[in-house]
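What follows is a set of notes on a single structure, which appears directly below.
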């Protein structure tokens, strides 16, 4: 039985209702497919058991619309690099920002960004007397109106404009440092931002069969049975309080194969005395990382679920001819193209048939955004373990070995033991991720700490949070501008 988490009514398919109208005295609530992470943010997880059609529609025009609009700095500038949406085409909106002078950041120009072209809000020009060229910095339409104005101004200065060449420069990106602001000037930003995270968390929890009555910290059910999202005191940012998390996040764009990505982790956590919390960790675009406390007195069964997906298209692969690859390296091709070798029906000894099978699978390969968090995470953890060995031995260097070298003895010990905890538990170690970390207790021993609890306490100084969140945004900004004009026609 599917229950809409907002209105509390049982949902049936519209097809079932139309075929069995005589069984109903009133029109029921219809189930429909609802994106847990919004479609406009390139979310792909879309169950039909969490919201009825009517309630889903109200969210689309309210909470979802407000929330996704906040991410236009990412979605508008990088849609050419992102996977296709489930429906709807990429929008074309104009963003506002500043172009800071490279020599003096106190000097800035208002700019507008549309389809990755950065143009000044107010046109300006530059006269090169040696080359006899006037550069008009404006879009094409505005430049036609602006050129006569510039000609008159130059002629007043005694310059013969008939001998000049006028060139239009639409994109002024290279003239300074571009700044597009995430929250500046957005009315009720905090309300819109946190409400969107709460909706994602509730959707993911109900998708995994958590009863809506067990979400008391984020879903208040009134006397009529209507559930209302609550976003006060139940959402707080993640930042790396453990050494493993810190190392992963510092170099995440370099070691996450599918950066940027979306991650959801639903988990319960038991404390002394038997009390349990229920959390949802949400990580959007590998940048916006928050815990949502769903219930601070959770009484349901222990629970753990994760969802991990790529947002950007996979880089176009070079054509591979398997017959030019040594047989001992074919397993690399199988892994790279995610080939299910169980589908091969030929004899093990028939290498020619096997090569034909591999070549056909490569030809039909298409990138599936949904990924295995466990596999991806453990690849990163193996890299960190290699970096630890590199730092301790000095025999080789990795992207992380220098950072690890600067850790204190206690931090290195915590890093090693936490990595060993993950890697020695191939079945259950992943449940440690974003849930717990190891810390030196001050007497040389390591104790297990709750990551969400530590992130939500006063010990987590706001200034430190701010510095970390700024660093994450800078990572994302770097990726955006490195990929701003890269054209990739590969389909997901």
Checklist entry - Which whole-number percent is the relative contact order of the chain (Cα, under 8 Å, 6+ apart)? => result 13
Checklist entry - For the Cα atoms of the chain, what angle does the longest principal axis make with the long axis of helix 351-363, in degrees from 0 to 90, nearest 10? => result 60
Item to check | Distance between modelled label sites at residue 155 and residue 449, nm, 7 Å Cα→Cβ extension | outcome: 7.3
Next on the checklist: If packing is taken as the average number of other Cβ atoms within 10 Å across a peptide's residues, how do 114-123, 236-245 rank, most packed first?
Outcome noted: 236-245, 114-123
Checklist entry - Quick one: which of 215-225, 101-111 comes out on top by average Cβ neighbours within 10 Å, and what's the full order, highest first? => result 215-225, 101-111
Checklist entry - When a footprinting reagent is the concern and you count Cβ atoms within 10 Å, what order do 130, 147 take, fewest first? => result 130, 147
Checklist entry - Which FRET efficiency, nearest 0.05, do residue 417 and residue 170 yield, Cβ-Cβ r, R0 56 Å? => result 0.50
Item to check | Cα-projected label distance for residue 271 with residue 427, points at 7 Å along beta-carbon direction, nm | outcome: 3.0
Checklist outcome for this item: Helix 462-482: inclination vs the chain longest Cα principal axis, degrees, rounded to 10, gives 60
Checklist entry - Modelled label-to-label distance, residue 22 and residue 162, 7 Å Cα→beta-carbon offset: nm? => result 9.3
Checklist entry - If contacts are Cα pairs under 8 angstrom and at least 6 residues apart, what is the relative contact order of the range 95-179 in percent? => result 34
Next on the checklist: To make sure I understand, if each residue's beta carbon is the centre and we count other beta carbons within 10 Å, what order do 361, 392 fall in, fewest to most?
Outcome noted: 392, 361
Checklist entry - Between residue 478 and residue 349, what FRET efficiency comes out of the Förster formula 1/(1 + (r/R0)^6) with R0 = 41 Å and r the beta carbon distance, rounded to 0.05? => result 0.20
Next on the checklist: What does the extension gain come out to for residue 375 and residue 342, with contour length at 0.36 nm per residue minus their alpha carbon separation?
Outcome noted: 9.9 nm
Next on the checklist: How much length would be gained if the chain were fully extended between residue 141 and residue 108, taking 0.36 nm per residue of separation minus their Cα-Cα distance, in nm to one decimal?
Outcome noted: 9.6 nm
Checklist entry - Using only helices, what value at 222 nm comes out for the chain when you add -39,500 (n - 2.57) per DSSP H run of length 4 or more and divide by the total residues, to the nearest 500 deg cm²/dmol? => result -10000 deg cm²/dmol
Checklist entry - What FRET efficiency do you get for residue 329 and residue 46 if R0 is 45 Å and r is their Cβ-Cβ distance, rounded to the nearest 0.05? => result 0.75
Item to check | Protection-proxy order for peptides 204-214, 18-28, 160-170, each taking the mean of Cβ atoms within 10 Å per residue, highest first | outcome: 204-214, 160-170, 18-28
Checklist entry - So how tilted is helix 140-156 from the main axis of the chain? Cα-based, degrees 0 to 90, rounded to 10. => result 30
Checklist entry - So, in Å, what gap is there between the alpha-carbon centers of the range 202-260 and the range 333-411? => result 28
Next on the checklist: Above 20 Å lies some portion of the pair distances; for the range 95-179, what is it as a whole percent of all C-alpha pairs?
Outcome noted: 38
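Read the figures in this text as sums done on the coordinates, not as results from a lab. Source: prediction; values computed, not measured. A quick note on method: Cβ atoms are made from the backbone with ideal geometry, for glycine too, and the neighbour counts reach across all protein chains shown.
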